[in-house]
Amino acid sequence: MLRLNRRTGYAAWAGLPFDFTCPSLSGYPFQWFWDSCFNAIVLRHFDIERAKRELLTLMSAARGDGFIPHVIFWESGAFPSHVRRYAIARDGHTSASIQPPVLAQAVAAIWDSSQDRAFLDAILPKLWRFHRWLIENRDPDGDGLISIVQPDESGMDASPRYDRLMKLPQLTRSGYREAMRRLFRVYRAARAEGREPLDLDAFSVEDVAVNAIFAEGCRSLARLSLAAGAAAAGEEFASQSRRTSQALLAKCWDPRRGLFFDLAGRDERPESIAAVASLMPLILPDLPSEIATRLVEEHLLNPEEFWPPYPVPSVALNEPSFMPGRGPLWRGPTWINTNWWLARGLRAHGYEGAAQELTARTAALVSRSGFREYYNPLTGAGYGARGFAWSTLVVDMLQSP
Ligand code: GLC
């Protein structure tokens, strides 16, 4: 399947060759940022050179200031509906948004498998610039937490966590599309006057999952920097990782409910919807053990919340907004990439048995319904795109010791 989804060629608009794995030939024929990172993590088990090219292709779209777009339309012109949906950069071939920064972790996985110093040296300067861009441009209050400026930037598009900010008391597909258009209209008008999205505070979220992934990315980047003999960068990103983890604990942890919640807007209003993002800080090895215990024992393994027959649902089963079936994305169904993260998080905190159980149930789900985009957590039915590349992460889960 990863062979089928491979796209190679030469993009005349960029003057660059490309070699990447699209999420799905039917629904998503372009290069997406975090999809490519996950695909590279799986590809390294089969074809390490191709895994490297996947990431080198992604990074070849980096701007000079470090920013890397969340979608790159290498083969231009073909699918205008996606192009209309996203905020597109002036070049007309890349989006103007980010996605969760999984890149350093994907590079670390390839480094661990290959010890290829030339690859590491080629990629590190761009990785440093990308992380510094996030810190300089997405953390205006300097608290260590980076902000997203529209829902797709979290990779969890229509999550009910954003309904309030998107002014969506009742969700419909057309209402959601209109809310996105409304937001992009505001941004376009502001950009024309030289103002940036975060200046407007129209949608700014210090997102728990994005920041847990960012902290973990900075930790990986620190390790890679040290491996390349760059001690100062090693210290810079180790300290950023600690800052972000500590800010998550200080500002997003709700000790009463035992979950983490996003902060919305410049005045940092805590949100309250229990979703898979609320568990994501489990991936941080420096999370205090009493907090990891609460996340796992009160919530993740709780059959009323996050532990149905096919865990882990993207929204807790007991949330009024939970929807197990087909529909707007990330409102209840199980996704394989978050299972991959959480299995790692469980292992990092000594829950080996639960990590194995989650892996076994994920494998059963994919065996039953194939490599689909997302799955019903109650019945295991598969929905959305077929031949969905990152669902192959189950292979990496099965490889883990
Ligand atoms: C959907 C997902 C997003 C993913 C994209 C391509 O929009 O929500 O996370 O990157 O599809 O697979």
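Which is over 17 Å from Asp139 (Cβ atoms) and touching a residue at least 40 places away in the same chain (Cβ under 8 Å), of Arg182, Arg223? Please lay out each step first, then the result.
On the way: Arg182 fails: touching a residue at least 40 places away in the same chain (Cβ under 8 Å).
Criteria check complete, one pass: Arg223.
Identify the residue in segment 366-383 that is surrounded by fewer than 17 Cβ atoms within 10 Å (Cβ to Cβ) and assigned to a loop (DSSP other than H, G, I, E, B) and, among all such residues, is nearest to the ligand (Cβ to nearest atom). Working first, answer last.
Initial filter on segment 366-383 (surrounded by fewer than 17 Cβ atoms within 10 Å (Cβ to Cβ)): 367-368, 370, 378-379.
After this cut, where a residue has to be assigned to a loop (DSSP other than H, G, I, E, B) as well, the list is 370, 378-379.
On the way: Gly370: 16, Leu378: 21, Thr379: 21 Å.
Selected residue: Gly370.
Let me spell it out: the conditions are (1) at pLDDT below 95; (2) in a helix (DSSP H, G or I); (3) of a type in the set (A, V, I, L, M), and Ala78 meets all of them except one. Which number is the exception?
Every listed condition holds for Ala78 apart from (2).
Scan segment 121-146 for residues that are in contact with a Ser or Thr (Cβ under 8 Å, 6 or more places away or on another chain) and open to solvent by 10 Å² or more (accessible area, probe 1.4 Å) and jot them down.
Trp128, Arg138, Asp139, Pro140
Within segment 8-66, which residues are assigned to a strand (DSSP E or B) and either within 15 Å of Ile110 (Cα to Cα) or of a type in the set (S, T, N, Q) (or both)?
The initial filter retains those residues of segment 8-66 that are assigned to a strand (DSSP E or B), namely 8-11, 16-21, 24, 28, 31-32.
The answer is Thr8, Thr21, Ser24, Gln31.
Filter segment 333-365 down to the residues that are in a helix (DSSP H, G or I), within 16 Å of the ligand (Cβ to nearest atom) and β-branched (Val, Ile, Thr), then identify the one that is nearest to Asn318 (Cα to Cα).
Checked segment 333-365; the qualifying residue nearest to Asn318 (Cα to Cα) is Thr338.
Quick one: what pairs do we get from segment 132-150, first residue farther than 24 Å from Lys167 by Cβ, second of a type in the set (S, T, N, Q) and buried (at least 21 other Cβ atoms within 10 Å of the Cβ), C-beta under 8 Å, 6+ apart or different chains?
That search, which allows pairs on different chains as well, returns Ile135/Gln240; Asp139/Ser147; Gly144/Gln240; Gly144/Thr244.
Scan (1) closer than 30 Å to Pro328 by Cβ; (2) within 22 Å of the chain's Cα centre (by Cα); (3) not small (Gly, Ala, Ser) for the single condition Arg223 breaks and write down its number.
If we test Arg223 against (1) closer than 30 Å to Pro328 by Cβ; (2) within 22 Å of the chain's Cα centre (by Cα); (3) not small (Gly, Ala, Ser), just (1) comes out false.
If you go through segment 153-165, how many residues are within 12 Å of the ligand (Cβ to nearest atom) and either surrounded by fewer than 21 Cβ atoms within 10 Å (Cβ to Cβ) or modelled with pLDDT under 95 (or both)? Give the derivation first.
Within segment 153-165, the first condition is being within 12 Å of the ligand (Cβ to nearest atom), and the residues that meet it are 153-159.
Adding the requirement that they be either surrounded by fewer than 21 Cβ atoms within 10 Å (Cβ to Cβ) or modelled with pLDDT under 95 (or both) leaves 157-158.
The number of residues fulfilling the criteria is 2.
Looking at segment 166-179, which of the residues that are in contact with a helix residue (DSSP H, G or I) (Cβ under 7 Å, 6 or more places away or on another chain) and open to solvent by less than 20 Å² (accessible area, probe 1.4 Å) is farthest from Glu153 (Cα to Cα)? Even if it seems obvious, please write down each step before you answer.
Residues of segment 166-179 that are in contact with a helix residue (DSSP H, G or I) (Cβ under 7 Å, 6 or more places away or on another chain), as a first pass: 166-168.
In the following step, the residues that additionally are open to solvent by less than 20 Å² (accessible area, probe 1.4 Å) were identified as 166, 168.
Numbers: Met166: 14, Leu168: 18 Å.
The qualifying residue farthest from Glu153 (Cα to Cα) is Leu168.
Of the residues Cys252, Cys218, which single one is at pLDDT 95 or above and within 30 Å of Ala179 (Cβ to Cβ)? Outline the logic, then answer.
On the way: Cys218 fails: within 30 Å of Ala179 (Cβ to Cβ).
Result: Cys252 is the single residue among Cys252, Cys218 that is at pLDDT 95 or above and within 30 Å of Ala179 (Cβ to Cβ).
In segment 244-260, what count of residues is obtained for those that are open to solvent by less than 70 Å² (accessible area, probe 1.4 Å) and either touching a Cys at 6+ places or on another chain (Cβ under 6 Å) or of a type in the set (S, T, N, Q) (or both)?
Of the residues in segment 244-260, 3 are open to solvent by less than 70 Å² (accessible area, probe 1.4 Å) and either touching a Cys at 6+ places or on another chain (Cβ under 6 Å) or of a type in the set (S, T, N, Q) (or both).
Picking from Gly15, Gly9, Gly64, Gly27, which residue would you name as being under 28 Å from Gln399 (Cβ atoms) and either open to solvent by 10 Å² or more (accessible area, probe 1.4 Å) or more than 12 Å from the ligand (Cβ to nearest atom) (or both)? Can you show your working first?
Details: Gly15 fails: under 28 Å from Gln399 (Cβ atoms); Gly9 fails: under 28 Å from Gln399 (Cβ atoms); Gly64 fails: under 28 Å from Gln399 (Cβ atoms).
Answer to the selection: Gly27.
Going by the structure shown, is Ala158 at negative phi and in a helix (DSSP H, G or I)? Working first, answer last.
Numbers: at negative phi: yes; in a helix (DSSP H, G or I): no.
Against the criterion (at negative phi and in a helix (DSSP H, G or I)), Ala158 does not qualify.
Among the residues of segment 338-363, how many are open to solvent by 20 Å² or more (accessible area, probe 1.4 Å) and of a type in the set (Ser, Thr, Tyr)?
The number of residues fulfilling the criteria is 1.
The values are calculated or read from the model by the stated rules, or taken from the named source; none is laboratory data. It should be emphasised that the depicted structure is a prediction, and the values quoted were computed from it without experimental measurement. FYI the Cβ positions are ideal-geometry reconstructions off the backbone, even for glycines, and counts take in every protein chain you see. For accessibility, only protein heavy atoms count, side chains too; no ligands or nucleic acids. Shrake-Rupley method; radii C 1.70, N 1.55, O 1.52, S 1.80 Å.
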